[in-house]
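All remarks here apply to the structure that follows.
Nothing in this text is a laboratory measurement; each read-out follows from the coordinates by a stated rule. The model shown is predicted, which means the values in this text are computed figures rather than measured ones. We place every Cβ from the backbone using ideal geometry, glycine too, and count neighbours over all the protein chains shown.
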Amino acid sequence: MTKFTVNGQPVHYKMDPTTPLLWALRDASNLTGTKYGCGAGLCGACTVHLDGQAVRSCQVPIGAIEGTFVTTIEALSRDRSHPVQQAWVAENLPQCGYCQSGMIMAAAALLEKNHDPSDAEIDAAMTNICRCGTYPRLRRAVRRAAHVMAGQETIAAAPPPGIDPADAARAVPALDPRPGD
């Protein structure tokens, strides 16, 4: 049995110790914000924090992380008030969105270590692959999050997840029938 802490909660996985952390998180803990991308540690969609360091969870066997602390996108900020999440929304970064949780986790880890990264430092730390090609906005969002963290800028928190049922059920006005129909 493998024991470590996930999002502040102790967990005991009764899984094969060679099971990648990605699958323990998604399948056993139902933390599906961590995405499966390539399975080879190249794309970064599965990035989580392991003792504060950004790691590709598809490459980390759970048996190798006994006693550690894992943080997933779900625990970065439950109300989306983390500066990186705020900057992501403010810069309209997501397109398809699949890579975003891994990118946000990589950016948050970078900014914990480097409070004012240059473009070169952002590029070196953010090796996540985005098939939509949002890299220029990614750099702006990381710099903006750094400014928020330094108290140089304020961004209103992103709205909470979900859609208001009233908005989802808005009636679509009926079209006027064509004359003669």
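See the values below:
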read-out	value
Table column - 3J(HN,Hα) (Hz), segment 35-42, Karplus curve with 6.51, -1.76, 1.60, x for Gly and Pro	9, 8, x, 9, x, 10, x, 9
3J(HN,Hα) from dihedral phi, segment 68-81, Karplus parametrisation 6.51/-1.76/1.60, rounded to Hz, x for glycine, proline	8, 10, 10, 10, 9, 4, 4, 9, 4, 6, 5, 9, 6, 9
Neighbour net charge for residue 115 - beta-carbon separation under 14 angstrom, K R +1, D E -1	-1
Extension gain from residue 30 to residue 150, taking 0.36 nm per residue of separation minus the Cα-Cα distance	39.8 nm
³J(HN,Hα), Karplus 6.51/-1.76/1.60, whole Hz, each residue of segment 14-19, x for Gly, Pro	9, 10, 3, x, 8, 4
Per-peptide average of other Cβ atoms within 10 Å, ordering 115-121, 78-84 highest first	78-84, 115-121
Charge context of residue 13, other residues only, Cβ under 13 angstrom, K/R +1, D/E -1	0
Ranked list, fewest to most other Cβ atoms within 10 Å of each Cβ, for 147, 12	12, 147
Long-range amide H partners of residue 19 with built H, under 5 Å	62, 63
Cα principal axis extents for the chain, largest first, Å	73, 41, 27
Cα gyration tensor, segment 53-113 - rounded (a/c under 1.5), prolate or oblate	prolate
Amide H contacts of residue 129 (H built 1.01 Å from N, under 5 Å, at least 5 apart or other chain)	44, 45
Ranking of 14, 3 by count of other Cβ atoms within 10 Å, fewest first	14, 3
Under 15 Å, Cβ to Cβ, from residue 133 - net charge with Lys/Arg +1 and Asp/Glu -1	+2
